[in-house]
Amino acid sequence: MGLFGFGKKKEEKTSCCYFENSTSETIKKAEREKERLSIKVLGGGCSKCKQLEKATLEALKELRMNDHIEHVTDFTEIATYGVMATPSLVVDGKVVSCGRVLSKNEIVVAIKKMRG
């Protein structure tokens, strides 16, 4: 009889979802990896920030990379990178430019240097 769950067959849970079996350590590791392989433009959204983002997109296209560029506009978060002037460019967690718009070629060199 199935009263109060007695006598019922236990259903086995099978999951195709990776995150169901994740531990806090594997999640932290994934976050570190995401930070390691990221490109960010830091700045409030002014025309210079947009120029830097456009040049970065062109550099990525030249390098045949399809990385996503995150535009960070929150000045509290920008301050965590230790920059005091924008626009700034962050590649794989390291500030490579601060307070000026890099050319496409300068960005290509910076990305190659960071990713070896």
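The values are calculated or read from the model by the stated rules, or taken from the named source; none is laboratory data. Just so you know, these numbers come straight off a predicted model, no measurement behind them. When we count neighbours, we look across all protein chains shown, and the Cβ atoms used for this are built from the backbone with ideal geometry, even at glycine. Ligands, DNA and RNA are excluded from the accessible area calculation, which covers all protein heavy atoms including side chains. Shrake-Rupley method; radii C 1.70, N 1.55, O 1.52, S 1.80 Å.
When you filter the trypsin sites (Lys or Arg not before Pro) in the stretch 34-85 for DSSP loop state and at most 16 other Cβ atoms inside 10 Å of their Cβ, you are left with R64.
Each Lys and Arg contributes +1 and each Asp and Glu -1, all at the Cβ; summed about the Cα centre of the stretch 61-116, the dipole is approximately 360 debye.
Taking 0.36 nm per residue of separation and subtracting the current Cα-Cα distance, fully stretching the chain between Q51 and D92 would add 12.8 nm. Accessible area per residue for the stretch 32-97 is 60 Å², calculated with a 1.4 Å probe on protein heavy atoms, without ligands, DNA or RNA.
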